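Asker: Let me begin by handing over the structure; questions about it come next.
The values are calculated or read from the model by the stated rules, or taken from the named source; none is laboratory data. Since the model is a prediction, treat every value here as computed from it, not as a measurement. Note that each Cβ is placed from the backbone with ideal geometry, even for glycine, and that neighbours are counted across all protein chains shown.
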Amino acid sequence: MTDPAQAALQDRVRAAAAAMQPLFIYGGGTKSFYGERCVGERVETTALAGIVAYEPNELVITARAGTPLAEIEHAMAKHGQNLAFEPPRFAAGGTLGGAIATGLSGPRRPYAGAARDFVLGMRIIDGTGEALAFGGRVMKNVAGFDVSRLQTGALGTLGIITEISLKCLPQLKTEATVVQACAADESIHRVNAWGGKPLPLSATCYCAGKLWVRLSGAESAVSAAVETIGGERVERGKEFWESVRDHLHPFFAAVQSDDRALWRLSVKSSTPHADLAGEQLIEWGGALRWLMTARDADREAIRAWATSHGGHATLFRGSRHSCVFTPLDPTTAALHKRLKATFDPHGILNRGRLYADF
């Protein structure tokens, strides 16, 4: 039996498709800054809320897209489990649908996996108003084209996510955070060297001359790792990593200024540190580099540097919604447009959110 909230949403999409009226999909609004500016009538998904099924013994949880992340994590914590990819919030009210639609992951990503790696199944409403289901609620369901992961990170351009099934993981018994003073190049060298050893790393962060390292696992393994890598063990490590995850760390405060911009640079972890005319915070063992620059910084130079080191650059905040993502080559752009036409033939869902022309 179709849920009334979902039925109403399907009717809204059908009417919009008939009128060729663009729709702007909106959940908790905590990530609405991300991506290009898209136009259209606002369609809220918060009515699609609630945990549908949770099987702690199976390590699977299914919830509707408008369910607050806080509610999901509270339910999982009662059973000693969590979402291992540490979805960022950026503000109170973040929803599960927003976390999956953006595809963003927190500090644990290089050691536990990305958001898409934990998606088992998904229900969506496509651009014609039809309800579709992909994947399932079991970890063994891998048959067919993996549309669920395709939707992860699509920013709502390929469908309105209504329900998601995710793999859970047990919470690790012990965590410790240590801090070392060093230069940026040395921090990159250290975390790459540690990454090749059997150490229980779960997060790294370099900023302002200090390297923060989180170790997670059995108490004996964490204690031995602290002795191996050295550094000052600090209290309140949980608060520090949450501040990095949700961009509450002082480094990110400058982006609130009208003349600043925040770049998200994804490169090979071993890429040497480079002066890119701005301050940097380095995560993910060197693979993720946040760059705070002047708003009018040379975008082409920043993107060229990221590309030359096997990655790409995203203008994450302070962009005034202009040229946010790395331009696509003609072949890739054609594939994107074909996918868009398949799931949203009238081009009404979050039109222009990824790229201005589709």
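Asker: Residues in the range 73-82: is at least one farther than 18 Å from Thr162 by Cβ, in contact with a Cys (Cβ under 8 Å, 6 or more places away or on another chain) and assigned to a helix (DSSP H, G or I)?
Answerer: At the first step, the residues of the range 73-82 found to be farther than 18 Å from Thr162 by Cβ are 73-82.
With in contact with a Cys (Cβ under 8 Å, 6 or more places away or on another chain) added as a condition, the list becomes 76, 81-82.
Cutting the leftovers down to assigned to a helix (DSSP H, G or I) gives us 76.
Yes: the range 73-82 contains one or more residues that are farther than 18 Å from Thr162 by Cβ, in contact with a Cys (Cβ under 8 Å, 6 or more places away or on another chain) and assigned to a helix (DSSP H, G or I).
Asker: Quick check: anything in the range 311-331 on the phi < 0 side of the Ramachandran plot and assigned to a helix (DSSP H, G or I)?
Answerer: Looking for residues that are on the phi < 0 side of the Ramachandran plot and assigned to a helix (DSSP H, G or I), one finds at least one in the range 311-331, hence yes.
Asker: Looking at the range 47-100 only, could you name the residues that are at pLDDT 95 or above and among the aromatic types (Phe, Trp, Tyr)?
Answerer: Selection gives Tyr54, Phe85.
Asker: Would the range 131-149 turn up any residue that is over 24 Å from the mean Cα position of the chain (by Cα), in a strand (DSSP E or B), not charged (D, E, K, R) and not assigned by TED's automatic domain parsing to the domain that holds Val52?
Answerer: no
Asker: From Val213, Val234, Val244, which residue is over 22 Å from Phe85 (Cβ atoms), touching a residue at least 12 places away in the same chain (Cβ under 8 Å) and among the aliphatic types (A, V, I, L, M)?
Answerer: On the way: Val213 fails: over 22 Å from Phe85 (Cβ atoms); Val244 fails: over 22 Å from Phe85 (Cβ atoms).
Answer to the check: Val234.
Asker: Any chance you could count how many residues in the range 264-305 are over 23 Å from the mean Cα position of the chain (by Cα), within 20 Å of Arg190 (Cβ to Cβ) and buried (at least 18 other Cβ atoms within 10 Å of the Cβ)?
Answerer: Matching residues across the range 264-305 total 0.
Asker: Same structure again: Is it the case that some residue within the range 241-259 is touching a strand residue (DSSP E or B) at 6+ places or on another chain (Cβ under 8 Å), more than 25 Å from Glu73 (Cα to Cα) and outside any helix (DSSP H, G or I)?
Answerer: yes
Asker: Follow-up question, since we're still on this one. Taking the range 339-356, which residues are in a loop (DSSP other than H, G, I, E, B) and of a type in the set (Lys, Arg)?
Answerer: Here is the first cut: in the range 339-356, the ones in a loop (DSSP other than H, G, I, E, B) are 344-348, 350-356.
Arg351, Arg353 - these are the residues of the range 339-356 that are in a loop (DSSP other than H, G, I, E, B) and of a type in the set (Lys, Arg).
Asker: If you don't mind, there's one more thing I want to ask. So, Pro22, is that one within 21 Å of Asp117 (Cβ to Cβ) and over 20 Å from the mean Cα position of the chain (by Cα) or not? Even if it seems obvious, please write down each step before you answer.
Answerer: Details: within 21 Å of Asp117 (Cβ to Cβ): no; over 20 Å from the mean Cα position of the chain (by Cα): yes.
Considered against the rule, which asks whether it is within 21 Å of Asp117 (Cβ to Cβ) and over 20 Å from the mean Cα position of the chain (by Cα), Pro22 comes out as no.
Yes/no matrix, rows are residues, columns are (1) under 22 Å from Ala356 (Cα atoms); (2) in a loop (DSSP other than H, G, I, E, B); (3) in contact (Cβ under 8 Å) with a residue 12 or more places away in the chain; (4) touching a helix residue (DSSP H, G or I) at 6+ places or on another chain (Cβ under 9 Å):
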{"site": "Arg14", "(1), (2), (3), (4)": "no, no, yes, no"}
{"site": "Ala17", "(1), (2), (3), (4)": "yes, no, yes, no"}
{"site": "Phe24", "(1), (2), (3), (4)": "yes, no, yes, no"}
{"site": "Glu36", "(1), (2), (3), (4)": "yes, yes, yes, no"}
{"site": "Val43", "(1), (2), (3), (4)": "yes, no, yes, yes"}
{"site": "Ala53", "(1), (2), (3), (4)": "no, no, yes, no"}
